[in-house]
1. Consider the range B:89-105. How many of its residues are in contact with a Pro (Cβ under 8 Å, 6 or more places away or on another chain) and outside any loop (DSSP other than H, G, I, E, B)?
2. Let me spell it out: the conditions are (1) surrounded by 17 or more Cβ atoms within 10 Å (Cβ to Cβ); (2) within 14 Å of another protein chain (Cβ to nearest Cβ); (3) within 24 Å of A:Thr17 (Cβ to Cβ), and B:Asp71 meets all of them except one. Which number is the exception?
3. Take the conditions more than 23 Å from A:Arg380 (Cβ to Cβ) and in a helix (DSSP H, G or I) and apply them to A:His68. Does it pass?
4. Identify the residue in the range A:157-178 that is more than 22 Å from the chain's Cα centre (by Cα) and in contact (Cβ under 8 Å) with a residue 40 or more places away in the chain and, among all such residues, is surrounded by the fewest Cβ atoms within 10 Å (Cβ to Cβ).
5. Just checking, how many residues over the range B:30-45 are within 14 Å of chain A (Cβ to nearest Cβ) and under 20 Å from B:Asp89 (Cβ atoms)?
6. Here is a check on your reading of the model: is A:Gly256 within 27 Å of A:Pro326 (Cα to Cα), touching a Phe, Trp or Tyr at 6+ places or on another chain (Cβ under 9 Å) and not in a helix (DSSP H, G or I)?
7. Can you find, within the range A:1-13, the residue that is farthest from the other protein chains (Cβ to nearest Cβ) among those that are among the polar types (S, T, N, Q) and in contact with a Phe, Trp or Tyr (Cβ under 8 Å, 6 or more places away or on another chain)?
8. State whether the residues of the range B:46-66 include one that is within 14 Å of chain A (Cβ to nearest Cβ) and not in a strand (DSSP E or B).
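Each reported figure results from applying straightforward, stated rules to the coordinates on display, with no laboratory input. Only a predicted model underlies this, so the values are computations on that prediction, with no experimental measurement involved. With ideal geometry, Cβ positions are generated from the backbone for all residues, glycine too; neighbour counts draw on all protein chains shown.
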Amino acid sequence: MSRTTPLHGVHESLGATMVDFAGWRMPLRYGSESAEHRAVRGAAGLFDLSHMGEIFVTGPAAAAALDHALVSRVSRLAPGRARYTMLCAADGGVLDDLIVYRLSAEEFLVVANAANAERVAAELAARAEGYDAAVADRSAAHALLAVQGPRSAEVLAAAGVAGDGLGDLRYYAARPAKVAGVEALVARTGYTGEDGFELFIAADDAERLWRALAAAGEPYGLRPAGLAARDTLRLEAGMPLYGNELTTEVTPFDAGLGRVVDFGDPGEPREFVGRAALEAARDAADGPRRRLVGLVARGRRVPRHGYPVVTAADGAVVGEVTSGAPSPTLGKPIAMAYLTGRAIGRMIGNVADERIEGLAVDIRGRHEPVDVVDLPFYRRNR
Amino acid sequence: MSSSIPEELGYSKEHEWVAGLDDGRVVTIGITAYATEQLGDVVYVQLPEVGSTVQAGDPVGEVESTKSVSDVYCPVSGEVVEINQAVVDDPSLINSDPYGEGWLFKVRTTGEAEELLSAEEYAALTAGDS
């Protein structure tokens with residue numbers, strides 16, 4: 001039996017198509033997912049992300065414990081700032097990708113993917129042993145709403161933000177604020193490639209805040225958006241999805257995200273779980289074992305998760321699609337894929353993506369030509 | 001969203017509808033509103049070629065949406081005599097008008113049709129599931 005978010009009744013009353021996702025009953029779309037996608041690109045969208053995990057790490061040694069547990073030095077974050085990072089296994093495989101918010105000197109909020117939240121909480125608790133820090137999974141007590149899109153700041157202002165407003169809140173920063181009378185931790189983060197905010201609130205306040213944001217946002221073109229739009233938005237923005245691009249089988253370097261791994265300062269290496277394996281991945285003489293690339297299909301059939309990437313010339317398998325969808329913004333099918341295999345061989349380590357030519361995707365038996373492009377597919381104008 | 005199910009059509013278990021079974025040998029085939037609601041926004045349609053011979057129960061095309069792809073099955077045997085080019089050019093017609101402008105192709109029937117469901121039977125098949 002899947003869990004429901006505090007907004008389940010709202011979704012049902014809106015006529016949402018509901019779907020099981022990561023053990024939760026979630027809205028897939030409310031009407032047309034393409035229209036929801038375009039609303040976020042052009043105006044604003046309202047998302048229920050209450051399935052995400054909220055794990056609090058607190059105590060005098062909370063920063064030190066997280067530095068040991070994660071591939072980034074979150075001890076370097078100033079209070080009120082956030083960082084995208086990962087929890088890796090000792091062999092360098094990715095256990096989850098996370099956003100860590102430093103709420104105060106001794107208090108951190110770790111936001112984990114729904115499917116991994118319990119594992120992340122357990123792993124953080126194990127890795128915090130011996131540190132003066134406490135790990136608490138408070139996912140059930142929290143709801144998370146996101147307002148994403150170029151008009152997000154106007155929508156929040158219209159809903160009513162107590163005090164100085166949120167206009168000066170920087171990207172990857174967060175602070176407590178009262179929005180439409182609801183106490184929230186408001187973060188300028190998201191998963192759509194647009195400006196936007198994520199609002200962490202008490203589960204009991206979810207419905208009140210949703211209704212206030214929906215009403216305030218309507219004149220700005222805000223509409224509720226489901227998981228289908230969220231997936232095409234993040235795909236266009238080149239953002240990885242755990243379970244697709246990120247798994248325990250890949251390292252951050254395979255995914256082109258080696259920059260999140262902090263090995264320490266020159267002459268002052270730091271220790272963290274997975275360091276040795278990740279160092280080896282970074283220093284591999286022949287480049288990473290695989291490489292994540294963007295694909296744009298020339299035809300209209302859509303490369304999807306799990307489809308083989310092949311050479312157009314002889315059909316040799318050289319990779320696999322991790323995510324694919326018709327892109328509402330580009331008007332053609334796009335995909336992310338790992339390229340591996342000898343047919344491409346060493347060149348994948350040091351050749352610009354657009355120089356890799358002659359590939360196709362095996363779409364249910366037919367080889368459909370694709371072009372390899374640099375990620376992301378879409379970048380907003382700032 | 002609620003699926004409308006026109007009384008006068010025949011339905012396959014694979015969510016195609018068939019029109020014109022009673023009054024002629026050329027039938028029109030499309031997919032049901034229920035199917036389009038399950039699919040979401042349709043972005044690509046592949047239809048059989050005009051002049052091709054089809055067997056009842058064969059996959060003859062595909063309908064692709066943001067989240068999924070489905071085969072289109074032909075519920076009758078015969079020859080494809082016309083395809084809806086408008087729906088190839090603008091697949092969203094399948095979402096906006098599945099029983100009208102969103103029709104897919106026409107077949108001159110030669111043999112037996114699949115056992116088709118009545119509107120009532122099709123409603124029962126899809127009840128409580130949308």
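1. Taking the range B:89-105 first, the residues in contact with a Pro (Cβ under 8 Å, 6 or more places away or on another chain) are B:99, B:105.
Still in the running and outside any loop (DSSP other than H, G, I, E, B): B:105.
Selection size over the range B:89-105: 1.
2. (1)
3. On the way: more than 23 Å from A:Arg380 (Cβ to Cβ): yes; in a helix (DSSP H, G or I): yes.
Yes: the conditions hold for A:His68.
4. Out of the qualifying residues, it is A:Gly160.
5. 8
6. Values: within 27 Å of A:Pro326 (Cα to Cα): yes; touching a Phe, Trp or Tyr at 6+ places or on another chain (Cβ under 9 Å): no; not in a helix (DSSP H, G or I): yes.
Considered against the rule, which asks whether it is within 27 Å of A:Pro326 (Cα to Cα), touching a Phe, Trp or Tyr at 6+ places or on another chain (Cβ under 9 Å) and not in a helix (DSSP H, G or I), A:Gly256 comes out as no.
7. First, the residues of the range A:1-13 that are among the polar types (S, T, N, Q): A:2, A:4-5, A:13.
With in contact with a Phe, Trp or Tyr (Cβ under 8 Å, 6 or more places away or on another chain) added as a condition, the list becomes A:2, A:4-5.
Numbers: A:Ser2: 16, A:Thr4: 18, A:Thr5: 20 Å.
Within the range A:1-13, the match that is farthest from the other protein chains (Cβ to nearest Cβ) is A:Thr5.
8. yes
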